[in-house]
Amino acid sequence: WLVSGGWVGEVDAPRRRAWGSTAMQGSAAKDVVGPYLEALTLFVALQPVDNVEKGHVLHLLSVSVSGWHAAPDPELGYGVSAGLATETCEAVVCVLRLLHSSGADKPLTANRCTPYVCSFLALACTVRTFEEAQGLPVPGQWAVIAGLQSEAGMTLNGLRAVVERFHPESGRFIVRLLPEDPPAAWKKVRAENLRPELPPDGALARAADGARECGRACLAGVAEIFDDLLREMQAEDLENEDIILGRILHSQLAAAMWEALVCCWGDRGMGLRGSELFELCGGDFSLCSHLARDVLSAHSMVQLSLGLGPPEQEARALARLRALQENFARAYCELFQPSVLWGAGCEPGDAPMAELQRDLDGHILKVAASAVHLGVFAELALAAEFYLERALEGPSAGRRVPPVVLPVMLCRVVCTILLSSFATQDASSALLQRHFRLLMPDLLSVLLTFFEVLAARQHCEDIEDYFAASPAALDAFAALSAIGLWSLFSEAVPGRVVSLLLGMPRVLTDPALFARLVLSLLSRPLEPALAGAYEALAPGDRAAFWQQVAARGKLCCLAPAEAKRAVEEWLPVSAEAEGPGFDMGALQVAATETAVDSLINRCLAELPDSLRDCPPPATQREAVGTAAPMGTAVESGGPEEVAMGLSLLGLPALPGQAPRLAAADGRSGQRRGVSRKEVARIRGIDPQQAPEELRCAIDGKLLGTPVRSPHGHMFEKATLELWLERCGSVCPVTNLALRMEDCVRDKSVERQVVEWVRAEKAQHKERAQARRLQKALGAQQVDAGDLC
């Protein structure tokens, strides 16, 4: 079993290469792919099935393992053969299919998640080897068939054929002999039996194209498995504190799936975009948010294992995971952009701009509601703060760009949602604003940590990168001030942020940062340093300052003219008249908007290089004889079995976790209603689809323990208690005085929730039966092409 893997470990640094060149070659690839295949062999051998398919998969794995052990030394000038790469891909895809068929209708326990994690990481590593595979056929390329030994195959030797695509299920390439041949007449030929006709120049570009096409074919081969796993994770929503192990396993599985996606489908520079994420999730925002919550919480496992391995390996592991999470955050935040609403290259038509803006605001609020329901923003805030806290300890090892992408993405998406809520002003927008008020301590903690890092690194080489990200952070600070930052909290934390900013001279001399800081403080008494700072600005910088005030005033619910007037009264000064300086100010506004985009692109360009540090898992052969059969470790609930399940991912056992899991499985007694945690464990229930009267007025989630306020609003008891603790004794909806003792539990609504859950569960069973029938019909279709 895997005793050292997951995210701790790395390929030797001298063997790492940049994307697009010879990477993970020879023994470097052997150090990664070989151990993964050995681990998969153990997983398959322990599967509780005994059929021909299992024997076939074990044979494929045995051949691939032998091939990697016999792989030549790259120092002698030999790379990975195309035959070995395609055979390995076939083995991994067949493993995934076996795991999928043998684990149908079973929960995603440790014994199911861990083989999937290993399989997807092995698939990602295998796809990378395609780039240096010698003689790899490229779709659309002509090749000569040679070396076939069968009676039917010998008749094809010497014929020219055009390569159509890679077929990962058989490890062969589909070729067409004649242009008029129908798909039924196409042949499937192994890579070693094809002699590609390479052009004299552009061979490297052709190899890269071939690797990308093979990766996408691999993804297409496991697309159904990928979709089903996403649906299973969505159905088994483990959003509760009692199942920590399940949350960790889900996050690691989601991260491994995303890495496989990036390697198979990505553009080799920036990974996947928001529109591609939306398409891969079937146009389901809820599914996108489930995946987001799991991927963005993947650092929790690394957090548990910090200090257990060599520091350099931990730094590499963190850099690799951070690259994945940053890429995913960029893709997820793009879901809020017009390109996802109207589609890439789609023209919105001649509709009035106001109508288009209303459509976009509605789209943003719809995506945000899904994210709020699943706690995506809370996970994004935790991930951003985790890496910022590491940056306080020193520079980011293994990465050239500091950890600013996640904070910038968080700040941008918060500002985007609040701006749409300010423009819409309906029930859904009010609910989102209440959610961000409830989340404000976490958001404020991220901003405080960011500015602490900025202050601590003023004289370091990467300070310009931090200052490039500062406008986005101050935008979020201004937006939070518009929804009650200064009235909901004491001045301790936000005051600390202001003190840090005032202590950095550049903040008071940069028009973009200075304008944002002033807008954040409009509801506070004037700081003497700010009035003097404005007087010290040069005429051109003053023009840029007022341009920034007019442009960012919307973050405080102010029109451009209102923002200028408010700042004039607060400083107090007079706005500069429009003149030549305003042209320069407009250019500075545009430069501020694009500087951080350039920073993000530069950071994401390091993604492929970071993914090269894929950890080679260590195997422990002597554990095979004593390991329990697959499917028994978690069900028994004993401490030893749970610890073993955690060790599969290189984790320490969680103290006291096994008794909690066992107690959760053995609950007894009378149940009144259905709690949020119980709903989360029921397959097929999407609480976001519940009627509005059955959802909490603070977070919009399904009510579990409903309480009614004297003003007639329904709240989840625990959520209301948290609100009163963080925001004071005030009603979230009416802003009137409210205490917990004034609210009463509503048994009638509780019964309505139970009835709705039962009806949804019955509908889920019907949908599951329909999907199984559809899959059974689809399995009867035979893929065209004869094996050669």
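The values are calculated or read from the model by the stated rules, or taken from the named source; none is laboratory data. Keep in mind it's a predicted model, so treat the numbers as computed, not measured. Note that each Cβ is placed from the backbone with ideal geometry, even for glycine, and that neighbours are counted across all protein chains shown. Heavy atoms of the whole protein, side chains included, go into the accessibility calculation; ligands, DNA and RNA do not. Shrake-Rupley method; radii C 1.70, N 1.55, O 1.52, S 1.80 Å.
Things to note:
- Just one of (1) assigned to a helix (DSSP H, G or I); (2) more than 25 Å from LEU432 (Cα to Cα); (3) among the polar types (S, T, N, Q); (4) open to solvent by 50 Å² or more (accessible area, probe 1.4 Å) fails for GLN548. It is (4).
- Residue in segment 692-707 that is among the β-branched types (Val, Ile, Thr), open to solvent by less than 50 Å² (accessible area, probe 1.4 Å) and at pLDDT below 85 present: no
- Condition check for LEU500: outside any helix (DSSP H, G or I), of a type in the set (A, V, I, L, M, F, W, C) and touching a residue at least 40 places away in the same chain (Cβ under 8 Å): no
- Selection of segment 135-171 for residues being among the hydroxyl-bearing types (Ser, Thr, Tyr) and more than 27 Å from ARG216 (Cβ to Cβ) yields SER150, THR155.
- Scan of segment 127-159 for residues that are over 44 Å from the mean Cα position of the chain (by Cα) and not hydroxyl-bearing (Ser, Thr, Tyr), ordered by number: ALA146, GLY147, LEU148, GLN149, GLU151, ALA152, GLY153, MET154, LEU156, ASN157, GLY158, LEU159
- Some residue of segment 757-765 being within 24 Å of SER487 (Cα to Cα) and open to solvent by 40 Å² or more (accessible area, probe 1.4 Å): no
- Remark: pairs (first residue in segment 335-352, modelled with pLDDT under 80; second residue of a type in the set (Val, Ile, Thr) and in a helix (DSSP H, G or I); Cβ separation under 7 Å; 6+ apart in sequence or on different chains) are absent.
- Exactly one residue among GLU75, GLU87 is at pLDDT below 80, in a helix (DSSP H, G or I), open to solvent by 20 Å² or more (accessible area, probe 1.4 Å) and among the charged types (D, E, K, R), and that residue is GLU75.
- Per-region count, segment 478-492, residues in contact with a Ser or Thr (Cβ under 7 Å, 6 or more places away or on another chain) and either outside any helix (DSSP H, G or I) or not aliphatic (A, V, I, L, M) (or both): 2
- Taken over segment 183-200, residues that are part of a strand (DSSP E or B) and open to solvent by less than 70 Å² (accessible area, probe 1.4 Å) amount to 6.
- Restricting the search to helices (runs of 4 or more DSSP H) fully inside segment 201-297 and requiring at least 3 residues that are of a type in the set (Gly, Ala, Ser) and modelled with pLDDT of 80 or more gives 203-221, 244-265, 285-296.
- Meets criteria (at pLDDT below 85, within 29 Å of GLN433 (Cβ to Cβ) and of a type outside the set (Phe, Trp, Tyr)) for GLU527: yes
- Among residues of segment 543-562 that are touching a residue at least 40 places away in the same chain (Cβ under 8 Å), those with a Cβ under 6 angstrom from a residue that is charged (D, E, K, R) and open to solvent by 40 Å² or more (accessible area, probe 1.4 Å), sequence gap 6+ or separate chain, pair up as ALA543/GLU576.
- Consider segment 124-182 and keep the residues that are touching a helix residue (DSSP H, G or I) at 6+ places or on another chain (Cβ under 7 Å), of a type in the set (D, E, K, R) and in a helix (DSSP H, G or I). The one that is most open to solvent (accessible area, probe 1.4 Å) is GLU131.
- Leading residue by the ranking (farthest from ARG524 (Cα to Cα)) among those in segment 551-576 that are open to solvent by 70 Å² or more (accessible area, probe 1.4 Å) and in a helix (DSSP H, G or I): PRO560
- Enumeration of residues in segment 727-745 that are part of a helix (DSSP H, G or I) and open to solvent by less than 30 Å² (accessible area, probe 1.4 Å): CYS727
- When PHE173 is tested against (1) over 25 Å from GLU53 (Cβ atoms); (2) modelled with pLDDT under 90, only condition (1) is not met.
- Test: residue in segment 428-448 that is open to solvent by 10 Å² or more (accessible area, probe 1.4 Å), within 15 Å of LEU365 (Cβ to Cβ) and of a type in the set (Ser, Thr, Tyr): yes
- On the stretch given as segment 746-788, residues that are modelled with pLDDT of 70 or more and assigned to a loop (DSSP other than H, G, I, E, B) total 1.
- You will find that of ALA512, ALA529, the residue that is in a helix (DSSP H, G or I) and closer than 30 Å to VAL401 by Cβ is ALA512 and no other.
- Lone unmet requirement of (1) part of a helix (DSSP H, G or I); (2) at pLDDT below 75; (3) open to solvent by less than 20 Å² (accessible area, probe 1.4 Å) for LEU121: (2)
- Cβ-Cβ under 7 Å pairs, at least 6 apart or on other chains, segment 461-489 side within 19 Å of VAL408 (Cα to Cα), far side among the β-branched types (Val, Ile, Thr) and open to solvent by 20 Å² or more (accessible area, probe 1.4 Å): PRO471/THR592
- Residues of segment 691-726 that are in contact with a Gly (Cβ under 8 Å, 6 or more places away or on another chain) and part of a strand (DSSP E or B): GLU716 alone.
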